[in-house]
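Please read the structure below before turning to the comments.
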Amino acid sequence: MRSYRLGLYEKSMPANLSWVEKLQAAKDAGFDYVEMSIDETDAKLSRLDMMEGEKDEIRAAMRATGIPFRSICLSGHRKYPLGDPDSVVQARSLEIMKKAIALAADLGIRTIQLAGYDVYYKEGNEQTRADFIENLKLAAKMAAEEGVMLGFETMETPFMDTTAKAMAYVNLVESPYLGVYPDSGNITNASLLYGTSSVQDLETGRGHIVAVHLKETVPGKYREIPFGTGHVDFAAIAAKAWELGVRRFVAEFWYLEGSDWQQELQRTNEFLRGYLDAVDEGR
């Protein structure tokens, strides 16, 4: 029996699949759960307002396949960030947060990954950072009510591209429901920028890492790099994360139209399990 769980990012599969088809595809490829995407598109944000009947469809799909949704990648805050200078947008960001937490609680989802931005499409400043902190404190209180963990993703922008930078905000908020959800590819690229190492960066999150995104990158590029063709040291990441007590991981990659996506799911599972099984067996 493995003593860790490896999830699959929903966007690694075609968007037109049903809930059952996505969960079954993840199961067939050997994954333990699926990470739901709620991004900035209207289609994905509408999930926050789904009726009870659709939630029942998701619950039925999880029962039928034996594979659950156990985390949410909440990137919808890119369009509606917590630190936006427009108060209307800020209000929308908090509404998104509240609804995402409620959805997670309804579906038995344990973790919500937050986008580490004060703003994304606008210029940040001292005020956007201050508003970000205040709204983050409100978000942590919402999460505490439902017992759902929030974890900052380390991003591709300087605002929060390292675990250390994310921890600065975790320490400011001081909530047991706010931690860090590092992205292996993003912190590897950041290590080149700052002359550090991804392993040293993970260490700064000791005691506060809720899960790790396993993603491949190459210097300066952050998306759609096939596993095994980039510069992420998955052996070192897996070993360090394991030492820090992390037991939940998600394979993050994207479906490419025309690709043999089912084969890619299988290949990715085998690639990442190789590193994770090695540290598990050596525990």
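The values are calculated or read from the model by the stated rules, or taken from the named source; none is laboratory data. Given the structure is predicted, the values throughout are model-derived calculations rather than measurements. Cβ placement follows ideal geometry from the backbone for every residue including glycine, while neighbour counts extend to all protein chains displayed. Heavy atoms of the whole protein, side chains included, go into the accessibility calculation; ligands, DNA and RNA do not. Shrake-Rupley method; radii C 1.70, N 1.55, O 1.52, S 1.80 Å.
Here the 3J(HN,Hα) profile of region 208-221, calculated from phi with Karplus coefficients 6.51, -1.76 and 1.60 at θ = phi - 60°, is 9, 8, 8, 5, 9, 7, 9, 9, 8, 9, 10, x, x, 10 Hz, Gly and Pro shown as x.
Legend: helices of the chain (whole DSSP H runs) are marked when their alpha-carbon atoms reach 24 angstrom or more along the helix axis and their mean Kyte-Doolittle hydropathy is at least -1.0; marked are 87-107, 126-146.
Taking Cβ atoms as reference points and 9 Å as the exclusive limit, the residues near Asn186 contribute a net charge of -3, counting Lys and Arg as +1 and Asp and Glu as -1.
Within the accessible area of region 59-137, the carbon and sulfur atoms contribute 49%, probe 1.4 Å, all protein chains present.
The solvent-accessible area of Arg2, taken with every protein chain present and a 1.4 Å probe, is close to 110 Å².
Which whole-number percentage describes the relative contact order of the chain, with Cα contacts under 8 Å and a sequence gap of 6 or more? Spell out each step's value before the answer.
Working: 529 pairs, mean separation 51.8, N = 283.
Relative contact order, the chain: 18 percent.
Each part reduced to its alpha carbon centroid, region 1-44 and region 65-116 end up 17 Å apart.
Each of Arg63 and Gln266 was given a label point 7 Å from its Cα along the Cα-to-Cβ line. The distance between the two points is 3.1 nm.
At a 1.4 Å probe, what is the % contribution of carbon and sulfur to the accessible area of region 1-58? Intermediate values should be presented prior to the final figure.
Values: 1270 of 2570 Å².
The C+S portion of the solvent-accessible surface of region 1-58 is 49 percent.
When Rg and the Kirkwood Rh are both derived from Cα coordinates, the Rg/Rh ratio for region 84-132 amounts to 1.06. For the set Lys22/Lys215; Lys22/Lys165; Lys44/Lys122, the pairs lying more than 31 angstrom apart at their alpha carbons are Lys22/Lys165. The Cα-based radius of gyration and maximum Cα-Cα distance (Dmax) for the chain are 17.8, 52 Å. Our estimate of slack between Arg247 and Ala130, defined as 0.36 nm per intervening residue step minus the Cα-Cα distance, is 38.8 nm.
Do any chymotrypsin sites (Phe, Trp or Tyr not before Pro) in region 21-125 lie in a loop, going by DSSP, with at most 12 other beta-carbon atoms within 10 Å of their beta carbon, and if so which? List each step's numbers first, then the result.
On the way: sites: Phe31, Tyr33, Phe69, Tyr117, Tyr120, Tyr121; in loops: Phe31, Tyr117, Tyr120, Tyr121.
When the chymotrypsin sites (Phe, Trp or Tyr not before Pro) of region 21-125 are filtered for loop state and at most 12 Cβ neighbours within 10 Å, Tyr121 remain.
Projected over all directions and averaged, the alpha-carbon convex hull of region 181-231 occupies 3.4 nm².
Would you mind putting 258-267, 21-30 in packing order, based on average other-beta-carbon counts within 10 Å, highest first? All intermediate terms of the calculation are to be shown ahead of the outcome.
Working: 258-267: 14.1, 21-30: 19.5.
Per-residue mean Cβ counts within 10 Å order the peptides as 21-30, 258-267.
Keeping all protein chains in place, calculate the accessible area per residue for region 1-44 (probe 1.4 angstrom), answer in Å². Can you show the working numbers first?
Details: 1780 Å² over 44 residues.
Normalised by residue count, the accessible surface of region 1-44 is 41 Å².
Per residue, region 202-283 exposes 48 Å² of solvent-accessible protein surface, assessed with a 1.4 angstrom probe and all protein chains in place. Only Lys, Arg, Asp and Glu carry charge here, each on its Cβ (+1 for the first two, -1 for the last two); on that basis region 147-283 has a dipole of about 280 debye about its Cα centre. Using only helices, what value at 222 nm comes out for the chain when you add -39,500 (n - 2.57) per DSSP H run of length 4 or more and divide by the total residues, to the nearest 500 deg cm²/dmol? Mean residue ellipticity, 222 nm, calculated: -14500 deg cm²/dmol. The accessible area of His213, taken with all protein chains in place and a 1.4 Å probe, comes to roughly 0 Å².
Can you give the accessible area per residue of region 103-164, in Å², using a 1.4 Å probe?
Accessible area per residue, region 103-164: 41 Å².
Sum up the charges of everything whose Cβ sits under 14 Å from the Cβ of Glu156, counting Lys and Arg as +1 and Asp and Glu as -1, but leave Glu156 out.
-1
Express the carbon and sulfur contribution to the solvent-accessible surface of region 143-283 as a percent, rounded to the nearest whole number, probe 1.4 angstrom. Present the calculation step by step, with values, prior to reporting the outcome.
Values: 3110 of 6140 Å².
That fraction is 51 percent.
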